[in-house]
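Let me begin by presenting the structure, written as structure tokens, before commenting on it.
The values are calculated or read from the model by the stated rules, or taken from the named source; none is laboratory data. In this text, all values refer to a predicted model and were calculated from it rather than measured experimentally. Neighbour counts run over all protein chains shown; Cβ positions are idealised from the backbone, glycine included.
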Amino acid sequence: MALQTLFEIDFNRGDPKDTWTRGAFRAGLTEQSAGFAWDLVQGVLDNRKQLDGEIAALAPEFPIDQMAKIDKNVLRIALYELRISGDAPPGVIIDEAVELAKLFGSEAAPKFVNGVLATALGGKTGATKGSD
């Protein structure tokens, strides 16, 4: 839900809270799940400039303004969780980011996301590299 909300905000510049509320309602999320999704959305939005700066530094060959919106938002969420919220082990965060990239991104997205996040952690992710 957080990824879909952030994608929609990037795509149509909608109001974040309205976008999230519609999405949470449509998805039938529990109050706890909806709250978690909103915390991610708000955290990413509050730290977007810092997160985008790190993404640009980690993947200089892929200009952030030309990067696929899904990939960019998967990376934003993962880096927010890795660098700021710190609520889960890095390997779990990266595995979940790769799964989101598989579900919503292009064929190359999972490898790209895994590579950028592995670089962010100095190559020590605990993630399942190259797995499908």
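Conditions tested, residue by residue: (1) touching a Ser or Thr at 6+ places or on another chain (Cβ under 9 Å); (2) outside the structural domain of Leu100 (by TED's automatic domain parsing); (3) not acidic (Asp, Glu).
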| site | (1), (2), (3) |
| --- | --- |
| Trp20 | yes, yes, yes |
| Trp38 | yes, yes, yes |
| Gly53 | no, no, yes |
| Leu58 | yes, no, yes |
| Pro63 | no, no, yes |
| Leu75 | no, no, yes |
| Ala78 | no, no, yes |
| Arg83 | no, no, yes |
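The residue that is surrounded by the most Cβ atoms within 10 Å (Cβ to Cβ), among those in region 71-103 that are modelled with pLDDT of 95 or more and more than 16 Å from Ala120 (Cα to Cα), is Ala101. Restrict the check to region 10-17 and report whether at least one residue is over 20 Å from Ala118 (Cβ atoms), out of contact with any strand residue (DSSP E or B) (no Cβ under 9 Å at 6 or more places or on another chain) and either surrounded by 15 or more Cβ atoms within 10 Å (Cβ to Cβ) or β-branched (Val, Ile, Thr) (or both). Within region 10-17, one or more residues are over 20 Å from Ala118 (Cβ atoms), out of contact with any strand residue (DSSP E or B) (no Cβ under 9 Å at 6 or more places or on another chain) and either surrounded by 15 or more Cβ atoms within 10 Å (Cβ to Cβ) or β-branched (Val, Ile, Thr) (or both).
Tell me, yes or no, whether region 60-80 has at least one residue that is hydroxyl-bearing (Ser, Thr, Tyr), more than 13 Å from Ala2 (Cα to Cα) and either under 14 Å from the mean Cα position of the chain (by Cα) or assigned to a helix (DSSP H, G or I) (or both). Taking every residue of region 60-80 in turn, none turns out to be hydroxyl-bearing (Ser, Thr, Tyr), more than 13 Å from Ala2 (Cα to Cα) and either under 14 Å from the mean Cα position of the chain (by Cα) or assigned to a helix (DSSP H, G or I) (or both). Summed over region 29-56, residues that are more than 21 Å from Ala68 (Cα to Cα) and either of a type in the set (Val, Ile, Thr) or at pLDDT 95 or above (or both) total 1. Have a look at Phe11, Phe7 and point out the one that is within 16 Å of Ala97 (Cβ to Cβ) and of a type outside the set (Lys, Arg). Within the list Phe11, Phe7, the selection yields Phe7.
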